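Enquirer: Okay, here's the structure, questions in a sec.
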Amino acid sequence: MSESDHSMALGHSAAMEPSPYAIPSRKLAMWLFILSDSCTFGALLFAYGYLRTGSPDWPTPFKFFPSIFNVIIMTFVLITSSLTMLGAVDASKAGDKSKTARWMGITIALGTLFAILHIREWIGMIHEGVRLFQNPWGSPLFGASFFGITGLHLLHVISGVIAMAVVARGYLRGSLNAGHVESTALYWHFVDLVWMFVVPLVYLMSIARS
């Protein structure tokens with residue numbers, strides 16, 4: 001083997017060397033994003049809890065019907081969407097494009113339904129007089145904190161729906177692979193997990209007592 005061939009072989013070997021982190025860069029980037037975003041949501045929920053406990057007139061406006069009942073439906077929809085996304089990941093790893101697209105389509109539909117239910121809830125609260133810094137029940141900070149936390153989560157849901165649509169289209173065309181589907185699923189599961197903290201802290205602790 002000539003010196004040039006030997007150098008090319010070494011270069012090819014170096015190029016094929018596995019990542020020192022033993023995790024694809026795409027997935028690593030998603031995990032780093034999830035960790036940083038967890039800090040954001042954690043800070044917001046901590047601030048909400050601080051305001052709630054520090055305000056003697058913090059409102060408890062959520063009646064079982066329609067508010068809590070609507071939240072139960074939204075939670076069921078979001079949990080179900082996580083299960084359908086798992087189906088999409090399994091199908092993509094098996095190389096079944098049609099089944100992957102079908103599962104992702106169902107997940108997109110469920111995410112859209114969640115967003116619609118959430119926006120309907122917002123419209124109802126606005127009609128009741130809730131604004132960013134005023135409401136008919138008590139502390140004026142309730143509106144800002146409620147719309148801030150749920151609005152940020154809703155933004156993540158809508159972003160996730162758009163991302164899933166783009167990834168599903170790319171996977172069907174062959175420009176994206178199962179790794180992209182899995183990374184998108186990680187994001188979607190994170191969005192679902194955040195909701196599991198929002199529900200008790202924002203809704204269940206503010207159920208109307210009468």
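The values are calculated or read from the model by the stated rules, or taken from the named source; none is laboratory data. This is a predicted model, so every value here is computed, not measured. Note that we place each Cβ from the backbone using ideal geometry, even for glycine, and neighbour counts take in every protein chain shown.
Enquirer: Report, ordered by the first and then the second residue, all pairs with beta carbons closer than 6 Å, sequence separation of six or more or different chains, a first member in the range 69-98 that is free of Cβ contacts under 8 Å to residues at least 40 places away in the same chain and crowded, with 20+ Cβ neighbours inside 10 Å, and a second member that is part of a helix (DSSP H, G or I) and of a type in the set (Lys, Arg).
Expert: Close Cβ pairs (under 6 Å, with a partner that is part of a helix (DSSP H, G or I) and of a type in the set (Lys, Arg)) amount to Ala91/Lys99.
Enquirer: Has the range 181-203 got at least one residue that is hydroxyl-bearing (Ser, Thr, Tyr), farther than 28 Å from Gly49 by Cβ and either modelled with pLDDT of 95 or more or outside any helix (DSSP H, G or I) (or both)?
Expert: For the range 181-203, residues hydroxyl-bearing (Ser, Thr, Tyr), farther than 28 Å from Gly49 by Cβ and either modelled with pLDDT of 95 or more or outside any helix (DSSP H, G or I) (or both): present.
Enquirer: Of all the residues that make up the range 117-160, how many are assigned to a helix (DSSP H, G or I), farther than 20 Å from Ile68 by Cβ and not β-branched (Val, Ile, Thr)?
Expert: Counting residues in the range 117-160 that are assigned to a helix (DSSP H, G or I), farther than 20 Å from Ile68 by Cβ and not β-branched (Val, Ile, Thr) gives 8.
Enquirer: Let me confirm something: among Leu154, Leu172, Leu186, Leu176, which residue is surrounded by fewer than 21 Cβ atoms within 10 Å (Cβ to Cβ) and under 15 Å from Phe41 (Cα atoms)?
Expert: Within the list Leu154, Leu172, Leu186, Leu176, the selection yields Leu154.
Enquirer: With the requirement that a residue be more than 19 Å from Ser175 (Cβ to Cβ) and either hydroxyl-bearing (Ser, Thr, Tyr) or touching a strand residue (DSSP E or B) at 6+ places or on another chain (Cβ under 8 Å) (or both), what does the range 83-105 give you?
Expert: Result: Thr84, single match.
Enquirer: Also, I was wondering about something else. Among the residues of the range 145-156, is there at least one that is in contact with a helix residue (DSSP H, G or I) (Cβ under 6 Å, 6 or more places away or on another chain) and aromatic (Phe, Trp, Tyr)?
Expert: no
Enquirer: Looking at Phe133, Phe146, Phe142, Phe197, which one is touching a Pro at 6+ places or on another chain (Cβ under 8 Å) and either surrounded by 14 or more Cβ atoms within 10 Å (Cβ to Cβ) or under 17 Å from Thr75 (Cα atoms) (or both)?
Expert: On inspection, the qualifying residue turns out to be Phe142.
Enquirer: Please find, among Leu35, Leu86, Leu51, Leu28, the residue that is modelled with pLDDT under 95 and either in contact with a Lys or Arg (Cβ under 9 Å, 6 or more places away or on another chain) or more than 19 Å from Val199 (Cα to Cα) (or both).
Expert: Exactly one residue qualifies, and that residue is Leu28.
Enquirer: For residues in the range 42-68 being among the aromatic types (Phe, Trp, Tyr) and loosely packed, with under 15 Cβ neighbours inside 10 Å, which is farthest from Gly111 (Cα to Cα)?
Expert: If we take residues in the range 42-68 being among the aromatic types (Phe, Trp, Tyr) and loosely packed, with under 15 Cβ neighbours inside 10 Å, then Tyr50 is farthest from Gly111 (Cα to Cα).
Enquirer: How many residues does the range 171-180 contain that are in a helix (DSSP H, G or I) and touching a helix residue (DSSP H, G or I) at 6+ places or on another chain (Cβ under 7 Å)?
Expert: Qualifying residue count for the region: 5.
Enquirer: Which condition from (1) under 26 Å from Thr60 (Cα atoms); (2) out of contact with any Phe, Trp or Tyr (no Cβ under 6 Å at 6 or more places or on another chain); (3) in contact (Cβ under 8 Å) with a residue 12 or more places away in the chain is the one that Phe133 breaks?
Expert: (3)
Enquirer: Would you mind stating whether Ile106 is in a helix (DSSP H, G or I), out of contact with any Gly (no Cβ under 6 Å at 6 or more places or on another chain) and without any contact (Cβ under 8 Å) to a residue 12 or more places away in the chain?
Expert: Against the criterion (in a helix (DSSP H, G or I), out of contact with any Gly (no Cβ under 6 Å at 6 or more places or on another chain) and without any contact (Cβ under 8 Å) to a residue 12 or more places away in the chain), Ile106 does not qualify.
Enquirer: Something else: From the list Ile106, Ile72, Ile116, which residue is β-branched (Val, Ile, Thr), closer than 18 Å to Val194 by Cβ and at pLDDT 95 or above?
Expert: Ile72
Enquirer: Now for a different question. Within the range 147-164, track down each residue that is over 17 Å from Ile116 (Cα atoms) and without any contact (Cβ under 8 Å) to a residue 60 or more places away in the chain.
Expert: Ala163
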